[in-house]
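Following: one structure in structure tokens, then a few remarks.
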Amino acid sequence: MREGSYSTIRLGAYEPLKRLFGATDPAHTPLWKKICAGAISGAIGSSIATPTDLVKVRMQADAKLKPDQKPRYKNTRSAFVEIARTEGLRGLYTGVGPTVQRAAILTATQIPAYDHTKHTLLNWGVMEEGIPLHITSSMIAGFLVALTTSPVDVVKTRVMNQKKQGMAGTLYTGSWNCIRRTIQTEGPLGLYKGFIPNWMRIGPHTVVTFFIFEQLRKLVGMAPV
């Protein structure tokens with residue numbers, strides 16, 4: 001649910017937004033236009049999909065409970081209903097700030113990195129349009145995404161998963177408070193906890209995403225990214 005809504009919007013909105021910034025030549029579009037288009041499309045997609053992301057994070061946390069501890073939710077539907085009942089509709093948007101920040105950073109890195117790497121290699125004559133170029137460009141994009149999003153992932157997960165008293169969190173008041181407290185107690189590297197698993201997840205995800213995306217564009221007669 002989360003990936004279907006979020007990625008459909010951010011991937012679909014990227015090129016129209018890029019054209020709004022005046023990008024008419026894919027081979028020579030300035031990097032800043034790509035970054036701006038990526039950030040905006042990611043923010044739009046994640047703001048719409050935040051409730052599904054919240055449910056995902058909390059149900060994943062429930063999977064780590066001890067045998068004598070009871071999960072908060074029976075299933076996905078009950079999670080939506082229970083959060084809305086106990087925390088109100090606003091509760092479904094708990095962590096919307098760090099979620100949108102993370103998505104803006106991820107998409108401002110992932111799609112522009114793929115786009116720019118691909119056209120740089122084409123312009124230099126190093127590679128030709130095709131699957132090897134798509135895989136190479138997406139592998140580079142995947143590493144850069146892991147590098148830029150790991151700190152935001154740590155903050156987003158901690159803010160979303162903290163216990164609440166009313167509408168307020170018991171540990172952090174917001175993203176910046178979480179960053180400050182994490183650095184104070186764990187040092188700057190605390191923001192990169194889980195970097196390797198994150199890279200192992202987002203790297204292949206990026207490769208598969210752009211490989212399928214390019215093949216689907218070719219199938220329906222659209223030009224490559």
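Within region 77-95, being open to solvent by 60 Å² or more (accessible area, probe 1.4 Å) and in contact (Cβ under 8 Å) with a residue 24 or more places away in the chain holds for ARG90, TYR93. Inside region 1-30, residues that are part of a loop (DSSP other than H, G, I, E, B) and under 17 Å from THR149 (Cα atoms) make up a count of 0.
Of the listed requirements (1) among the hydroxyl-bearing types (Ser, Thr, Tyr); (2) modelled with pLDDT of 95 or more; (3) closer than 27 Å to PRO197 by Cα, THR148 misses just one: (2). None of VAL207, VAL159, VAL155 is aliphatic (A, V, I, L, M), open to solvent by less than 30 Å² (accessible area, probe 1.4 Å) and closer than 30 Å to GLU15 by Cα except VAL155. Any chance region 122-138 includes a residue that's of a type outside the set (Val, Ile, Thr), surrounded by 22 or more Cβ atoms within 10 Å (Cβ to Cβ) and within 19 Å of the chain's Cα centre (by Cα)? Yes - at least one qualifying residue is present in region 122-138. For LEU20, the stated conditions do not hold, so it cannot be described as open to solvent by 70 Å² or more (accessible area, probe 1.4 Å) and touching a residue at least 60 places away in the same chain (Cβ under 8 Å). Residue count for region 20-78, restricted to those that are over 24 Å from the mean Cα position of the chain (by Cα) and of a type in the set (Val, Ile, Thr): 1. Within region 31-76, no residue satisfies the criterion of being open to solvent by 80 Å² or more (accessible area, probe 1.4 Å), part of a helix (DSSP H, G or I), over 30 Å from LYS118 (Cα atoms) and among the aliphatic types (A, V, I, L, M). Taking the criterion of being touching a residue at least 60 places away in the same chain (Cβ under 8 Å), among the basic types (Lys, Arg), out of contact with any His (no Cβ under 6 Å at 6 or more places or on another chain) and within 17 Å of GLU3 (Cβ to Cβ), would at least one residue in region 50-61 satisfy it? Taking every residue of region 50-61 in turn, at least one turns out to be touching a residue at least 60 places away in the same chain (Cβ under 8 Å), among the basic types (Lys, Arg), out of contact with any His (no Cβ under 6 Å at 6 or more places or on another chain) and within 17 Å of GLU3 (Cβ to Cβ).
The values are calculated or read from the model by the stated rules, or taken from the named source; none is laboratory data. What you are looking at is a predicted structure, and each value in this text was computed from that prediction instead of being measured. Methodologically, a virtual Cβ is constructed for each residue, glycine included, from the backbone with ideal geometry; neighbour enumeration extends over all protein chains shown. All accessible areas refer to the heavy atoms of the entire protein, side chains included, with ligands and DNA or RNA removed. Shrake-Rupley method; radii C 1.70, N 1.55, O 1.52, S 1.80 Å.
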